[in-house]
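Quick notes on the structure that follows.
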Amino acid sequence: MDKELYIIRHGETDLNKQGIVQGRGINSDLNDTGRAQAAAFYEMYKDIPFNKVYTSKLKRTHQTVKGFIDAGLPWEQLSGLDELAWGVWEGQPNDEQAITAFKGLMEKWESGDFDAHFDGGESPNQVLAREKEALEVIKNAANEKTVLICMHGRAMRLFLCLLTKLPLSEMTNFPHLNTTLYKVTLTGDDFVITEFNNTNHLK
C-alpha cells in the first residue's frame, strides 16, 4: 500500500437542511448539526497519523476538518475538489420545478451524456477534468502516506468513480450522508475502497 485516503463529505449546512440547491457557487457555513458532526468525526479519527489535510476551496469543507487543521496538520485547498456547479439552480428551493429539471439532467447522465449541464453550471466531464488534476497533486505528494480529504456529495461520487475506474453513470452507487467516510487505499495505480459510506462516528 502506497497511500491511504480518508475521503469525507462536509457537515450539514442550513441549505442542506432546507433542501436548497447548493453547489460550487454557494459558499455556505456549517450549521450547529454540521459542527457537531465535524466534532464527532474529529473525536473518532484524531489519533489517525494523517500527514496532510486536503479540502475544496469552499468553507464548509474547511469548517468540517477544523479540528485537524487547528491541531497543526498541514492543509492544502484544491479547487479540483469543489462541488459541481449547478448554475441557474444554485440557491433555488428543491420544489416540483427543480425536481423535474434535475430528473431530466440525471437521466441524461445515466444514459451516458456526461457533457450535459444546467445553464451556467458544470458537466460531470468538466468536474472530472479538475478532479484528475487534484488527484495528481495528492498522488505525487512525497511523504504523505495517510491523507484526509474533505469534499462534497456530487463531486465525491464522481471522484470515487475516477478512483475505482467506474463509468460516471455509476455515480449514484456511492451514497453520501454529511461527514460520511470512504476509506481508499492506493497501491501502484490501483485504488480499492476499504470502507464504504461509514458513519459510525455519528452513532
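Test R60 against the stated conditions and say whether it is modelled with pLDDT of 95 or more, touching an Asp or Glu at 6+ places or on another chain (Cβ under 9 Å), buried (at least 17 other Cβ atoms within 10 Å of the Cβ) and assigned to a helix (DSSP H, G or I). Give the steps one after another, and end with the answer.
Numbers: modelled with pLDDT of 95 or more: yes; touching an Asp or Glu at 6+ places or on another chain (Cβ under 9 Å): yes; buried (at least 17 other Cβ atoms within 10 Å of the Cβ): yes; assigned to a helix (DSSP H, G or I): yes.
When the stated conditions are applied, R60 passes them.
Take region 82-118 and flag every residue that is of a type in the set (D, E, K, R), under 23 Å from P167 (Cβ atoms) and surrounded by 13 or more Cβ atoms within 10 Å (Cβ to Cβ). Can you show your working first?
Filtering region 82-118 for residues of a type in the set (D, E, K, R) gives 82-83, 90, 95-96, 103, 107-108, 110, 113, 115.
In the following step, the residues that additionally are under 23 Å from P167 (Cβ atoms) were identified as 82-83, 103, 107-108, 110, 113, 115.
Within region 82-118, D82, E83, K108, E110, D113 meet the criteria.
Can you tell me which condition G120 does not meet? The list is (1) outside any loop (DSSP other than H, G, I, E, B); (2) in contact (Cβ under 8 Å) with a residue 24 or more places away in the chain, and all the others hold.
(1) is the only condition that G120 fails.
Identify the single condition in (1) free of Cβ contacts under 8 Å to residues at least 24 places away in the same chain; (2) within 17 Å of I8 (Cβ to Cβ); (3) not β-branched (V, I, T) that D190 does not satisfy, given that it satisfies every other one.
The failed condition is (2).
Check A36 against each of (1) small (G, A, S); (2) under 30 Å from A116 (Cβ atoms); (3) assigned to a helix (DSSP H, G or I) and name the one condition it does not meet.
(2)
Which of (1) exposed (fewer than 15 other Cβ atoms within 10 Å of the Cβ); (2) over 30 Å from G87 (Cβ atoms); (3) touching a residue at least 24 places away in the same chain (Cβ under 8 Å) does Q18 not meet, given it meets every other one?
Every listed condition holds for Q18 apart from (2).
Take the conditions surrounded by fewer than 21 Cβ atoms within 10 Å (Cβ to Cβ) and either farther than 22 Å from L58 by Cα or in contact (Cβ under 8 Å) with a residue 60 or more places away in the chain (or both) and apply them to P167. Does it pass? Step through it out loud before you land on a result.
Working: surrounded by fewer than 21 Cβ atoms within 10 Å (Cβ to Cβ): yes; either farther than 22 Å from L58 by Cα or in contact (Cβ under 8 Å) with a residue 60 or more places away in the chain (or both): yes.
So P167 fits the description; yes.
Quickly run through region 63-86 and pick out the residues that are assigned to a helix (DSSP H, G or I) and either touching a residue at least 40 places away in the same chain (Cβ under 8 Å) or over 15 Å from I8 (Cβ atoms) (or both). It would help to see each step written out before you state the result.
The first filter runs over region 63-86 and keeps only residues assigned to a helix (DSSP H, G or I), leaving 63-64, 66-70, 79-81.
Answer for region 63-86, where residues must be assigned to a helix (DSSP H, G or I) and either touching a residue at least 40 places away in the same chain (Cβ under 8 Å) or over 15 Å from I8 (Cβ atoms) (or both): Q63, T64, F68, D70, S79, G80, L81.
Mind counting the residues in region 27-57 that are in contact with a Leu (Cβ under 7 Å, 6 or more places away or on another chain), of a type in the set (A, V, I, L, M, F, W, C) and either more than 29 Å from D2 (Cβ to Cβ) or at pLDDT below 95 (or both)?
Number of matching residues: 1.
Among the numbered criteria (1) in a helix (DSSP H, G or I); (2) exposed (fewer than 15 other Cβ atoms within 10 Å of the Cβ), which single criterion is violated by F41?
Just one mismatch for F41, condition (2).
When you go through (1) assigned to a helix (DSSP H, G or I); (2) more than 26 Å from N173 (Cα to Cα); (3) among the aromatic types (F, W, Y) one by one for F50, which number turns out not to apply?
Failing condition for F50: (1).
Which members of region 93-110 meet the condition of being modelled with pLDDT under 95 and polar (S, T, N, Q)?
Those that are modelled with pLDDT under 95 and polar (S, T, N, Q): N94, Q97.
Can you tell me which residue is surrounded by the fewest Cβ atoms within 10 Å (Cβ to Cβ) among those in region 123-148 that are in contact (Cβ under 8 Å) with a residue 40 or more places away in the chain and outside any helix (DSSP H, G or I)?
Residue satisfying both the conditions and the ranking: N143.
Identify, by number, the condition in (1) over 19 Å from the mean Cα position of the chain (by Cα); (2) assigned to a helix (DSSP H, G or I) that L15 doesn't meet.
That leaves (1) as the condition not met.
Which of the residues that make up region 26-61 are within 14 Å of the chain's Cα centre (by Cα) and over 17 Å from E83 (Cβ atoms)? Before you say what the answer is, go through the steps one by one.
Taking region 26-61 and keeping what is within 14 Å of the chain's Cα centre (by Cα), we get 53-61.
Once the filter is applied, which keeps residues that are within 14 Å of the chain's Cα centre (by Cα) and over 17 Å from E83 (Cβ atoms), region 26-61 yields only V53.
The values are calculated or read from the model by the stated rules, or taken from the named source; none is laboratory data. All values derive from a computational prediction rather than experimental measurement. No Cβ is skipped: glycine too gets one built from the backbone with ideal geometry, and neighbour counts run over all protein chains shown.
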